[in-house]
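The values are calculated or read from the model by the stated rules, or taken from the named source; none is laboratory data. Note that the structure is predicted; figures quoted are calculated from it, not measured. Methodologically, a virtual Cβ is constructed for each residue, glycine included, from the backbone with ideal geometry; neighbour enumeration extends over all protein chains shown.
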Amino acid sequence: MNTLADIAPSTEALSTETLQADSRALTQRRSDHFNWNFAFWIALFHLGAIAAFFFFSWSALAVTAVLWVLGQNVGIGMSYHRLLTHRGYTTPKWLEYVMAVCGTLALQGGPIYWVAVHRLHHQLTDRPGDPHSPRDGKWWSHTGWILQGTLRNRNALLSRYAPDLTRDRFYVWLSRYHWVPVTVIGIGLYFVGGWPWVLWGVFFRVALGLHVTWLVNSATHIWGSRRFDTRDDSRNNWWVALLTGGEGWHNNHHAHPVSARHGMAWYEVDVNYLGIRLLGFLGLARRIKVLGAEAGPARIING
């Protein structure tokens, strides 16, 4: 007669199987299910971006420029990436929250998802399981990984890569309702400037911002120079750096992930780092970690 021990896996075996399953779920793989939800919204925003050219106004372009700085530079570069993901500097909590809200204006997912995916990318850069490596295909690294990848915005296991954020109720709320700030902004733009402001300040800006950020995933692992002999394909790409405010100095970043400064030479323009230094000058950023081309511990700048 079979006993319970004969027909049921041991706790050890069950635990091992669960860990292995969780490990597979925490790496990027090609899914059998196409992400039609994302495909619909990305198509809609691209159509809106094209329509924007038929509703041009200088005021709409000015609004777009302001929101671009808030969403891409302050939100993605300075907040989501250098502050929340790598903790390259510190700010008062209220400012950290405000900057994270700016990050949602880029419509690239909530902070927990964005940070977790990027930390996973650093752990598995250009190896099997990397969320968006060009070794799996150039199109895959740019957009395909979202359309046909297994990692989705509400992957509960993925949050294990961002335990510091999942313990914070504000970030949990913001990650769930990350679409609210840009929606409120869009409604406000409509009542003040009509459709031109909406099409340029929301649709065109978001569509362009997505591709600019995705170029860091794709182009900076394909084209450019390498100052550091890292174990991945990361490269310094000047034109991606110009588009992203300094995120294109990607080989520098992969060599020194915690450094708040990515541009390590006088000619490597790093607007996002200048923004961090401005916060430091105003007394709003401290413990700014800076590494250069030479080996050694990070230099800490307070202010």
Worksheet item: What residue, of 177, 171, is surrounded by 16 or more Cβ atoms within 10 Å (Cβ to Cβ) and of a type in the set (Phe, Trp, Tyr)?
Response: 171
Worksheet item: Does the stretch 190-201 contain at least one residue that is without any contact (Cβ under 8 Å) to a residue 40 or more places away in the chain, surrounded by fewer than 20 Cβ atoms within 10 Å (Cβ to Cβ) and within 15 Å of residue 48 (Cβ to Cβ)?
Response: yes
Practice prompt. Enumerate the pairs (first residue in the stretch 46-68 and assigned to a helix (DSSP H, G or I); second residue anywhere and of a type in the set (S, T, N, Q)) with beta-carbon separation below 9 Å, excluding pairs fewer than 6 apart on the same chain, so at least 6 apart or on different chains.
Written response: 52/64
Worksheet, complete the sentence: By residue number, the members of the stretch 60-70 that are among the small types (Gly, Ala, Ser) and surrounded by 15 or more Cβ atoms within 10 Å (Cβ to Cβ) are 60
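For the stretch 65-75, indicate whether the set of residues that are at pLDDT 95 or above, of a type in the set (Val, Ile, Thr) and closer than 23 Å to residue 162 by Cα is non-empty.
So far as the stretch 65-75 goes, yes, one or more of its residues are at pLDDT 95 or above, of a type in the set (Val, Ile, Thr) and closer than 23 Å to residue 162 by Cα.
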Worksheet entry | Residue satisfying all of: in the stretch 157-200; of a type in the set (Gly, Ala, Ser) and under 20 Å from the mean Cα position of the chain (by Cα); nearest to residue 68 (Cα to Cα) among these | 175
Worksheet item: Quick check: is even one residue across the stretch 247-269 free of Cβ contacts under 8 Å to residues at least 24 places away in the same chain, touching a strand residue (DSSP E or B) at 6+ places or on another chain (Cβ under 8 Å) and farther than 20 Å from residue 119 by Cα?
Response: yes
Response to the item:
Considering the stretch 285-299, residues that are surrounded by fewer than 15 Cβ atoms within 10 Å (Cβ to Cβ) and assigned to a loop (DSSP other than H, G, I, E, B), and then whichever is modelled with the lowest pLDDT, we arrive at 295
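Kindly indicate whether residue 30 is over 26 Å from residue 287 (Cβ atoms) and either without any contact (Cβ under 8 Å) to a residue 60 or more places away in the chain or in contact with a Phe, Trp or Tyr (Cβ under 9 Å, 6 or more places away or on another chain) (or both). Give the steps one after another, and end with the answer.
Working: over 26 Å from residue 287 (Cβ atoms): yes; either without any contact (Cβ under 8 Å) to a residue 60 or more places away in the chain or in contact with a Phe, Trp or Tyr (Cβ under 9 Å, 6 or more places away or on another chain) (or both): yes.
Considered against the rule, which asks whether it is over 26 Å from residue 287 (Cβ atoms) and either without any contact (Cβ under 8 Å) to a residue 60 or more places away in the chain or in contact with a Phe, Trp or Tyr (Cβ under 9 Å, 6 or more places away or on another chain) (or both), residue 30 comes out as yes.
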Worksheet item: Can we say residue 184 is surrounded by fewer than 20 Cβ atoms within 10 Å (Cβ to Cβ), in a helix (DSSP H, G or I) and among the β-branched types (Val, Ile, Thr)?
Response: yes
Worksheet item: Failed condition for residue 223, given (1) touching a residue at least 60 places away in the same chain (Cβ under 8 Å); (2) surrounded by fewer than 23 Cβ atoms within 10 Å (Cβ to Cβ), with all others met?
Response: (1)
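May I ask you to say which residue of 169, 160 is in contact (Cβ under 8 Å) with a residue 12 or more places away in the chain and of a type outside the set (Asp, Glu)?
Working: 169 fails: in contact (Cβ under 8 Å) with a residue 12 or more places away in the chain.
Answer to the selection: 160.
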Worksheet item: How many residues, within the stretch 178-189, are over 16 Å from residue 75 (Cα atoms) and touching a residue at least 40 places away in the same chain (Cβ under 8 Å)?
Response: 1
